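Written below as structure tokens is the structure these notes are about.
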Amino acid sequence: MSTEKQQPAGNGRDAENLLSVRGLQVHFPIKKGILVDRVVGHVKAVDGVDLDVAKGTTYGLVGESGCGKSTLGRAILRLIEPTAGTISFDGVDVRAQRGEDMRRLRRRMQMVFQDPLASLDPRQSVESVLTEPLRTHGYGNGKADHAKRVRELLDVVGLPANAAGRYPHEFSGGQRQRVGIARALALSPDLIIADEPVSALDVSIQAQIVNLLEELQEQLGLTYIVVAHDLAVVRHVSDTIGVMYLGALVEESPSDDLYAEPLHPYTIALMSAIPIPDPKVEERRERILLTGDLPSPANTPPGCRFHTRCPFRQPKRCADELPALREIRPGRKVACHYAEDIAAGHIRPAESVHDPAATEVGTPTVVAS
Amino acid sequence: MSLQVAESAIQQAEHADEAGGGLWREAFRRLVRKPAAIIGAIFVAIFVIVAVFAPLIAPYSPTATDLSQIKGPGHIPGPSSTHWLGLDDLGRDVFSRMIYGARQSLVVGVVSMAFGMVGGIILGLLAGGLGGWVDATIMRFVDMMLAIPGLLFAIGIAAMLGQSLVSVMIAIGVVNIPVFARLLRGQMLAQREADYALAAKSLGVKRSRIILGHVFPNSLSPVIVQGTLTLATAIIEAAGLAFLGLSGADPAIPEWGRMLADTQKFLTSAPQLVFYPGIAIVLSALGFTLLGESLREALDPKNRR
Amino acid sequence: MSLLDVRDLSIVFSRRGRRDVRAVDEVTFSVAAGETVGLVGESGCGKSVTSLAIMGLLPKRGAAVGGSIKFDGTELTSLPADKMRGLRGRDIAMVFQDPMTSLNPVIPIGLQVTEVLRRHRDMDAAAASKEAASLLERVGIPDPARRLKEYPHQLSGGMRQRALIAMALACKPRLLIADEPTTALDVTIQAQILELLKELVVDSGTALVMITHDLGVVAGMCDSVHVMYSGRIVERASRWELFEAPRHPYTAGLLASVPRLDQARGEKLEPIPGSPRDTIPWTQGCAFAPRCRNRIESCTQGAPELVADKLRPDHDLRCFNPIDVAEQEAVTL
Ligand SMILES: Nc1ncnc2c1ncn2[C@@H]1O[C@H](COP(=O)(O)OP(=O)(O)OP(=O)(O)O)[C@@H](O)[C@H]1O
Ligand SMILES: Nc1ncnc2c1ncn2[C@@H]1O[C@H](COP(=O)(O)OP(=O)(O)O)[C@@H](O)[C@H]1O
Ligand code: SF4
Ligand code: SF4
Ligand SMILES: [Mg+2]
Ligand SMILES: [Mg+2]
């Protein structure tokens, strides 16, 4: 959102990072059994993610449904306990915090949820929703301070003061999301993780919430992680974008560069699949169609995670060697063995690739539409 | 029409919302729109009024006998102008006995339901709130109880506790505990995963407060619906136990199930004696069921505007 | 001669104890064979109800359909139920937003496809199952022989939607109504499904009614686009014109409020104020008036009619004070 403040990642200025995540994993056990549960495998929802978010910037996370975006966001806040990895927030080791310390740390890291109705207790009035965090952390001196803060919060998110006495189901979707944002702001946090903050809203409302988030960032100097499947929205709000596939980042890039030149084959396909509301552009675009679906995260393919669907797949390395996320240009990281060759145009997407071992997968084709 | 009209239309829409109020008030408003709910409520209301005001309504004492009407051994007089539903084999006024019987049945229904519900809520709250091994232990126990057929289980308990109305109520209550416990626990587990519970956690709200202040109240509505339905089945089960001679209550105090049991030997000679308590049990159970089912629909968040 | 002709369609829901809801009114559009027509609008504007009315799937009680729906010259609104059932599935097919609700969860996919084939195309069991496999193959489901034996829950969302399209295609329908067919899917899967639908229109000359809230989807495939607001069509034009220079303030507002992947970042989005719930009844004026930046006095004094645009031929508008094309071009430059 604030491009000028953005720090290119990985140039040794870690002090500027509000949040640093290293090797984060969230594995959910798959249990089976009638009397005694046996662990028969793991869903690797998040499988080794490194990311840095500079203070006052926005980091966008995109990817297909089920690739682990929400899980990553929740694990950073320890709403889901990570399996491995470190999370450092403003120099504090988040995973080492216990009990009361963790509870106090929570006031500095907040979350905005996808479904604004589900994220509000249907039995709580807005007033009660907004005073709960204040009561929990002993804000100010009693009721009068709380009431004043509630009015402030409603004002900041653009809701009328009389909203305080109303209940969540009495609001429209956009207004509910404003309540959710007000709640996240109640304790003046530094970091807000917004999980699909607009995707449940009507098209004409989405822009209102996007603008509100941007204004709040300017006013309050907030740091955001915005999770969404809509790349156009994410690109609009983010300084840096991370593209996730099957629990891992496959590309990370300043958001302006990502559209101009996507480097990872998955990003290239994703970009080409997003419809643009302009027939002239649509007619000219070359669409790279992926076939098949996301493999199950309980059974991630060996080698490059994307090789079962990759139109650029090469006979060597792709199927048996996991590509690391490496910086091939300043600020641009990609997890593909052949990223340089693809960027240089030495490797073209195959007209027809077929992996007989992967039955889920058909034939990637290139279609000029 | 002018621009102000547009503005006022928006305002009106907002005012319509303001009339909304809490969730229960809304549910009540939806409830009173349902014909089934109204019919159920009327049945239940009649039942309760009759039970409470029995001494005022009944023309005779339930134990008073009017032997003058009995013309010989085995004669059971049918309805007449003095005895609207006739007399039973001992010359007691059936209408008065039916009215007093409502009292007993209501007490049995409410007490056994309350017993089962409170027991179930305690177990369900512990299991759903604490989770882990507490949950596992309680649920194994509950599963075991559920594995025994309900009526058989109740008969066993009632027989063990001795013949009395109290033991019937306890038996029926105990049989219903696992139903409530399971329902509440399942609902709480689902609600614990709900985004609002996660939101509270992310605010640093204490776990006990999340469970008791958010998850538990939001898990109660199916339990309340189940309570209403249980009232209906409890009345029928109590009748069943009485029919099997387990209620042990003073035979002089009328109770529908017992009336049904005691009069079955006259099924061919005086079928009306079986018919009256039978129909009363069915109608009161139906009333509670209609009300409970309507309540379930009214509380369903999907039916919200 | 168009295949489907919808004229002055109105749908009123009435329920005891509630005010009547006029969900759709004055909706007129037509689709010719091989043509794709888009219906766009936000949730609740009446898109799904319109498609259900065409399919004859609205509840008989409580929903009053007015106006006329002609399919190949046959009036559908007055067609007896059994005749309608014959048309449905054979000549007219529909793909729903949520694939799970329109598949039977306890019957294998294969049986569901072959049943359609046997009923509408009089095939025997062997021929039907062969045809079913080739249909699944055609919609891009790998290993169709195995998939035919599976139940809906064993398929992913994208595959279920493709299976549903396969069922819709089973009878080679002349008209296909797709109600938000890709809304529940990921963009990469969406791209596959849209490609499939485009091929279908080109190869078999099927007439397609594409219902969506996504302007991007419309831009890529619809010959003409109808924008709906609060139950009425407010603008109708070819996709070229509509996106080049939208004339209705609502259409323009929608376009300005979505970020575009191919445009420079940094500019603020211009949201439409208020929410779709802030409407006034069409009988009192323009339903969009409470949210409209171009509102003038007459907008709340009576309802605007859908009439041909004075500036452009073949472009219909329901607006008293449309956006100036010159002003528009100034903005886009
Ligand atoms: N509690 C859980 N137990 C087991 N598996 C889980 C659990 N939560 C999530 N998963 C799995 O982890 C993977 C990632 O889920 P996640 O919700 O993070 O995806 P997402 O990228 O946010 O998707 P969406 O765009 O649909 O929200 C999925 O395969 C999901 O099924
Ligand atoms: N069965 C019904 N009874 C009453 N109102 C209905 C019914 N179905 C739809 N509506 C109303 O009709 C309007 C249009 O709905 P719909 O066509 O589903 O919208 P969408 O454009 O999102 O598909 C909405 O206001 C909706 O509430
Ligand atoms: S490593 Fe190979 S399979 Fe993976 S994205 Fe690169 S080219 Fe494709
Ligand atoms: S008729 Fe008036 S209020 Fe309606 S869209 Fe046109 S200018 Fe706006
Ligand atoms: Mg998610
Ligand atoms: Mg719809």
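The values are calculated or read from the model by the stated rules, or taken from the named source; none is laboratory data. Note that the structure is a prediction, hence the values are computed from the model and not measured. A quick note on method: Cβ atoms are made from the backbone with ideal geometry, for glycine too, and the neighbour counts reach across all protein chains shown.
Miscellaneous remarks
- Residue within region A:343-351 that is within 16 Å of ligand 1 (Cβ to nearest atom), surrounded by fewer than 21 Cβ atoms within 10 Å (Cβ to Cβ) and touching a residue at least 40 places away in the same chain (Cβ under 8 Å) present: no
- Test: residue in region C:242-251 that is more than 16 Å from ligand 2 (Cβ to nearest atom) and within 30 Å of A:GLU218 (Cα to Cα): yes
- Matching residues in region A:234-250 - criterion: being within 16 Å of ligand 5 (Cβ to nearest atom), β-branched (Val, Ile, Thr) and more than 12 Å from the chain's Cα centre (by Cα): none
- Against the criterion of being buried (at least 18 other Cβ atoms within 10 Å of the Cβ), more than 9 Å from chain A (Cβ to nearest Cβ) and not aliphatic (A, V, I, L, M), C:GLY285 qualifies.
- Test result for C:ALA133, part of a helix (DSSP H, G or I), without any contact (Cβ under 8 Å) to a residue 12 or more places away in the chain, out of contact with any Cys (no Cβ under 6 Å at 6 or more places or on another chain) and not hydroxyl-bearing (Ser, Thr, Tyr): no
- Tally of residues being within 16 Å of ligand 6 (Cβ to nearest atom) and buried (at least 20 other Cβ atoms within 10 Å of the Cβ) across region C:13-40: 6
- Selection within region C:118-128 - within 17 Å of C:GLY89 (Cβ to Cβ) and in contact with a helix residue (DSSP H, G or I) (Cβ under 9 Å, 6 or more places away or on another chain): C:ARG118, C:HIS120, C:ARG121, C:MET123, C:ALA128
- Looking only at residues in region A:308-325 that are within 23 Å of the chain's Cα centre (by Cα) and touching a residue at least 12 places away in the same chain (Cβ under 8 Å), the one that is nearest to ligand 6 (Cβ to nearest atom) is A:ARG309.
- The set of residues in region B:44-65 that are surrounded by 15 or more Cβ atoms within 10 Å (Cβ to Cβ) and farther than 30 Å from B:LEU229 by Cα comprises B:TYR60, B:THR63, B:THR65.
- Within region C:315-326, residues that are within 14 Å of another protein chain (Cβ to nearest Cβ) and under 10 Å from C:ILE296 (Cα atoms) reach partners that are more than 16 Å from ligand 6 (Cβ to nearest atom) and among the polar types (S, T, N, Q) with beta carbons closer than 9 Å, at six or more positions or on different chains, in the pairs C:PHE320/C:ASN294; C:PHE320/C:SER298; C:ASN321/C:ASN294; C:ASN321/C:SER298.
- Only one of the listed residues (C:LEU9, C:LEU52, C:LEU3, C:LEU39) is aliphatic (A, V, I, L, M) and over 30 Å from C:GLY253 (Cα atoms). That residue is C:LEU3.
- Boolean, C:LEU208 is within 14 Å of chain A (Cβ to nearest Cβ) and touching a residue at least 40 places away in the same chain (Cβ under 8 Å): no
- Among the candidates C:THR183, C:THR188, the residue that is assigned to a loop (DSSP other than H, G, I, E, B), farther than 22 Å from C:VAL31 by Cα and of a type in the set (Ser, Thr, Tyr) is uniquely C:THR183.
- Among residues of region B:87-103 that are outside any helix (DSSP H, G or I), those with a Cβ under 8 angstrom from a residue that is crowded, with 24+ Cβ neighbours inside 10 Å and at pLDDT 85 or above, sequence gap 6+ or separate chain, pair up as B:LEU87/B:ASP93; B:LEU87/B:VAL94; B:ASP88/B:VAL94; B:ASP88/B:ARG97.
- Exactly one residue out of B:GLY109, B:GLY116, B:GLY120, B:GLY150 is modelled with pLDDT of 90 or more, under 19 Å from B:ALA239 (Cβ atoms) and surrounded by 16 or more Cβ atoms within 10 Å (Cβ to Cβ), and it is B:GLY116.
- Looking across region A:258-287, the residues that are over 24 Å from the mean Cα position of the chain (by Cα) and in contact (Cβ under 8 Å) with a residue 24 or more places away in the chain come down to A:GLU282, A:GLU283, A:ARG285, A:GLU286, A:ARG287.
- Within region A:51-89, considering residues that are touching a Ser or Thr at 6+ places or on another chain (Cβ under 8 Å) and within 14 Å of A:HIS229 (Cβ to Cβ), the one farthest from ligand 2 (Cβ to nearest atom): A:GLY60
- Filter pass, C:SER68 being more than 16 Å from ligand 4 (Cβ to nearest atom), polar (S, T, N, Q), over 22 Å from C:ALA207 (Cα atoms) and surrounded by fewer than 16 Cβ atoms within 10 Å (Cβ to Cβ): no
- Filtered residue count, region A:89-118, keeping only those that are outside any helix (DSSP H, G or I) and facing another protein chain (nearest Cβ under 10 Å): 10
- Any hit, region C:241-257, residues being aliphatic (A, V, I, L, M), in contact with a Ser or Thr (Cβ under 7 Å, 6 or more places away or on another chain) and more than 7 Å from chain A (Cβ to nearest Cβ): yes
- Residues being free of Cβ contacts under 8 Å to residues at least 40 places away in the same chain and over 18 Å from C:ASP8 (Cα atoms) - total across region C:296-314: 9
- Scanning region C:198-209 for residues that are assigned to a helix (DSSP H, G or I) and at pLDDT 90 or above turns up C:LYS198, C:VAL201, C:VAL202.
- Screening C:VAL217, C:VAL225 for residues that are within 8 Å of another protein chain (Cβ to nearest Cβ), within 30 Å of C:VAL139 (Cα to Cα) and not basic (Lys, Arg) leaves exactly one candidate, C:VAL217.
- Total residues in region A:280-297, condition surrounded by fewer than 20 Cβ atoms within 10 Å (Cβ to Cβ), within 10 Å of chain C (Cβ to nearest Cβ) and among the acidic types (Asp, Glu): 1
- Summed over region C:78-110, the residues that are surrounded by 15 or more Cβ atoms within 10 Å (Cβ to Cβ) and away from ligand 6 (no atom under 16 Å from the Cβ) give a count of 13.
- Qualifying residues in region A:143-182 (those that are within 12 Å of another protein chain (Cβ to nearest Cβ) and assigned to a loop (DSSP other than H, G, I, E, B)) - the one surrounded by the fewest Cβ atoms within 10 Å (Cβ to Cβ): A:PRO160
- Within region A:293-328, if we keep just the residues that are part of a strand (DSSP E or B) and in contact with a helix residue (DSSP H, G or I) (Cβ under 9 Å, 6 or more places away or on another chain), the residue that is farthest from A:ASP257 (Cα to Cα) turns out to be A:ARG326.
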